[in-house]
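Down below is the structure, laid out as structure tokens.
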């Protein structure tokens, strides 16, 4: 594990995180939020693992309750996570540890499977609709599709229920916030996006850090990267190594991509041409510390000239101000009031940040 090779200043990189050791108000907010979310997670685990896992679930509940009580008394670094100051990343690690210590490695697996099946069924309709749009409208619709997909997030208490509903995805896209968005660099981005068929994209290779499975990955991210691939950009999909919440893992992404290719001859042709690769980031939480990524990711990313960070956790919570040596796009829906305020917006506002690389 080492620094992500496309960081502008690897030695000066610092993950964006909340300092919960010194900020008592923020600590109270986030610890309470994680406490409530953990209880909801265990409810999902009861369905995923059945009655035989009751003891495991209760043990996980007690372990995390002890963690919460300890943090309220002493907000310093927890022994289980080393010497790092307490922040959201550490809370995520402590939550995952409480689950994995008791064999509850993927409590949302049944939800993910159901949502993947539903999104795969919807995918042909989404891509057919995109073909009917004028070229001048297509990219904004694709970006809005990523915002719409980002609603389906089991890591946010504001959006946890969305994964339980059957949703008209095009209707969700239409309900995304009008421009200007909270962070709105779309005009500058659009000026660099190809519109004519056969027109090459300005990027030869893009590394795309993906977030949730289901509608987010299948109906939001995949149509966007498919369009980039149609203009010659090689796509590296960077996904988690291990399950966390309803985030897609690298292994799951491979399976999904194969299923989509069976439905989409155009996508299948891009895959056959070597325009798609899936790698593990080495990550196991919904945020990402880019000082600790897999060698596999760095090997695939070394010659890339675009980085895309998708999802609130990776793009705003942990890397809001991260600069890259190459062009970068950060796309997400803001689903927490504290995180939204950090980005200058409100809950359900949208972020479309585009920055030229420092090496340009």
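Here's the yes/no breakdown for (1) surrounded by 15 or more Cβ atoms within 10 Å (Cβ to Cβ); (2) in a helix (DSSP H, G or I); (3) within 20 Å of the chain's Cα centre (by Cα):
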site: 4; (1), (2), (3): yes, no, yes
site: 14; (1), (2), (3): no, no, yes
site: 18; (1), (2), (3): yes, no, yes
site: 26; (1), (2), (3): yes, yes, no
site: 32; (1), (2), (3): no, yes, no
site: 37; (1), (2), (3): yes, yes, yes
site: 47; (1), (2), (3): no, yes, no
site: 54; (1), (2), (3): no, yes, no
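The residue of the range 320-334 that is nearest to the chain's Cα centre (by Cα), among those that are modelled with pLDDT of 95 or more and in a loop (DSSP other than H, G, I, E, B), is 334.
For the range 237-257, the criterion of being under 22 Å from residue 196 (Cα atoms) and in the same structural domain as residue 114 (by TED's automatic domain parsing) is met by none of the residues.
Could we say that residue 220 is in the same structural domain as residue 127 (by TED's automatic domain parsing) and farther than 23 Å from residue 290 by Cβ here?
Details: in the same structural domain as residue 127 (by TED's automatic domain parsing): yes; farther than 23 Å from residue 290 by Cβ: no.
So residue 220 fails the test.
The values are calculated or read from the model by the stated rules, or taken from the named source; none is laboratory data. Owing to the predicted nature of the structure, the values given are computational and were not obtained by experimental measurement. Neighbour counts run over all protein chains shown; Cβ positions are idealised from the backbone, glycine included.
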